[in-house]
Amino acid sequence: MIVTKKAIPRRTVLRGIGASLALPLLDGMVPAFAGVRNTAAKPILRFGTVYVPAGVALRNFWPSTEGAGFEITPILEPLKPFRDQMLVLGGLANREANPKGNEGVGDHSRAGTSFLSGAHAKKTDGPDMRAGTTLDQILAKEFGQQTQLPSLELILGNNEWIGSCDPGYACPYSRTISWRTPTTPLPMENNPTAIFERLFGDVSSTDKAARLARIKENRSLLDSLTDEVRHFQARLGVPDRRKINQYLDAVRDVERRIQLAEEQSDRELLAMDKPAGVPVRYDDHAKIIFDLQMLAFQSDLTRVFTLMMGYEGSDRAYPEIGVPDGHHSLTHNIHPEPYDKVTRINTYHVQMLAYFIDRLRSTPDGDGTLLDHSMLLYGSGISNGNTHSHVDVPVVLLGGAGGKIKGGRYQRYQDLPISNLHRSILDIFEMPVEKWGDSTGHLDGLSERLSGL
């Protein structure tokens with residue numbers, strides 16, 4: 001990091017065609033320190049959650065040995081290149097997802113709701129929903145003071161708050177994992193176009209026809225900014241020019257894929273029953289969403305996100321990997337063939353996560369990479385989808401969190417609440433709390449600093 005005598009304002013933006021593009025963090029944005037040379041700025045830390053519905057095929061997820069020598073299991077295989085920044089956590093329970101009293105069914109709604117809150121979902125199918133403020137929103141409230149957007153809430157698949165949901169539970173319980181307050185669930189966005197426009201610019205209308213007309217009229221938002229970019233780059237050093245070029249290339253690639261998604265959804269909308277802007281293929285959709293989130297991190301528009309790889313209880317099929325059966329239905333069949341298909345779905349989800357991790361690791365950020373300065377929580381509020389068990393739920397931490405996470409290990413605990421993990425994460429981000437959900441304390445071993453707490 002180069003400390004300059006004159007800093008470029010962090011909020012400097014490039015404007016054109018009614019939109020604005022936030023810049024990545026540049027060396028030239030770091031203010032000078034009187035009498036100090038080569039002073040490294042404290043890295044910006046980021047947090048994200050990637051949630052998978054209906055649990056996992058446990059036999060193909062958990063390693064058989066603990067410690068640094070753990071083997072990479074079939075479901076975790078796509079994450080093998082990132083082993084040194086991966087911490088697999090076993091023995092955590094999401095017991096607030098269990099029914100209380102005569103509540104009965106509703107495990108999917110309760111699982112997603114409690115995963116980040118450690119709070120039990122009030123059984124109601126009306127507007128009087130209640131759960132708990134989620135971990136991501138505690139972080140977003142603090143980090144959002146320095147960013148344009150406090151957080152992003154994303155989903156792959158149906159994000160409607162109506163339809164088939166757990167009996168007796170309002171649909172938001174299973175269609176989001178993020179709650180701003182105990183009574184305010186946050187909607188998850190699945191449309192890449194809407195996400196792009198929220199991040200990088202306003203539009204004149206939310207009408208689909210208007211958006212398509214805008215795309216046809218302005219095939220590339222960046223083309224109109226060429227002169228302004230050239231003028232701006234003249235003020236930058238060589239390292240910052242490279243960062244700008246890399247950033248703009250990434251934005252152009254995302255824009256190209258979003259335009260393709262618009263054309264695809266316009267052509268297939270009736271047959272596939274998809275909202276505008278959502279690609280037909282699951283992997284295409286996932287990669288666009290992850291690319292947008294990477295850009296949001298890179299440009300420091302937000303430092304917090306949650307992503308559901310599908311809503312709880314979803315019976316989506318995955319023809320892209322040869323699984324025409326519904327996901328939820330497969331989890332309730334313990335025979336070898338369905339179990340193998342669930343494993344393939346779980347591995348497919350992890351492949352998409354690995355795509356994102358690779359992009360973060362390939363993107364410079366200060367004295368490291370975006371992955372070095374991020375903490376990503378992957379997991380599910382259900383362990384065994386067949387029995388709807390909430391004990392020993394799958395959890396993996398990825399990234400370095402600015403050097404605060406000690407990766408490359410598989411660590412098991414003795415049936416501790418997942419809320420203990422939440423408390424430890426808040427400690428790592430220097431936002432300690434005395435109580436969280438059903439927590440009983442902290443987790444040993446996430447980092448050297450927390451060891452022994």
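The values are calculated or read from the model by the stated rules, or taken from the named source; none is laboratory data. Note that this is a predicted model, so its numbers are computed, not measured. For neighbour counting, all protein chains shown are included, and Cβ atoms are generated from backbone atoms with ideal geometry for every residue, glycine included.
Go through the stretch 184-210 and give me each residue that's at pLDDT below 50 and under 30 Å from residue 170 (Cβ atoms). Correct list: 206, 207. Are any residues in the stretch 321-351 over 18 Å from residue 158 (Cα atoms), hydrophobic (A, V, I, L, M, F, W, C) and either free of Cβ contacts under 8 Å to residues at least 60 places away in the same chain or surrounded by fewer than 19 Cβ atoms within 10 Å (Cβ to Cβ) (or both), and if so, which ones? Matches in the stretch 321-351: 321, 323, 330, 334. Give the stretch 298-320 a look and list any residue that's out of contact with any strand residue (DSSP E or B) (no Cβ under 7 Å at 6 or more places or on another chain), surrounded by fewer than 20 Cβ atoms within 10 Å (Cβ to Cβ) and part of a loop (DSSP other than H, G, I, E, B), or say none. The answer is 315, 316. Checking 439, 389, 383 one by one, the residue that is in a loop (DSSP other than H, G, I, E, B), surrounded by 21 or more Cβ atoms within 10 Å (Cβ to Cβ) and touching a residue at least 60 places away in the same chain (Cβ under 8 Å) is 383 and no other.
For residue 149, the conditions (1) among the aliphatic types (A, V, I, L, M); (2) touching an Asp or Glu at 6+ places or on another chain (Cβ under 8 Å); (3) over 20 Å from residue 420 (Cα atoms) are fulfilled apart from (2). The listed residues are 354, 401, and the only one of them that is in contact (Cβ under 8 Å) with a residue 60 or more places away in the chain and either in contact with a Pro (Cβ under 6 Å, 6 or more places away or on another chain) or β-branched (Val, Ile, Thr) (or both) turns out to be 354. Taking the stretch 140-172 as the range and being under 15 Å from residue 300 (Cβ atoms), in contact with a helix residue (DSSP H, G or I) (Cβ under 8 Å, 6 or more places away or on another chain) and crowded, with 22+ Cβ neighbours inside 10 Å as the test, the residues that pass are 151, 152. Within the stretch 347-380, the set of residues being assigned to a helix (DSSP H, G or I) and not aromatic (Phe, Trp, Tyr) comprises 347, 349, 350, 351, 352, 353, 354, 357, 358, 359, 360, 361.
Of the residues making up the stretch 111-169, those that are of a type in the set (Phe, Trp, Tyr) and in a loop (DSSP other than H, G, I, E, B) are 161, 169. Identify all residues within the stretch 59-104 that are assigned to a loop (DSSP other than H, G, I, E, B), among the hydrophobic types (A, V, I, L, M, F, W, C) and either touching a Pro at 6+ places or on another chain (Cβ under 6 Å) or surrounded by 22 or more Cβ atoms within 10 Å (Cβ to Cβ) (or both); write none if there are none. Hits for the stretch 59-104 are 61, 70, 75, 76.
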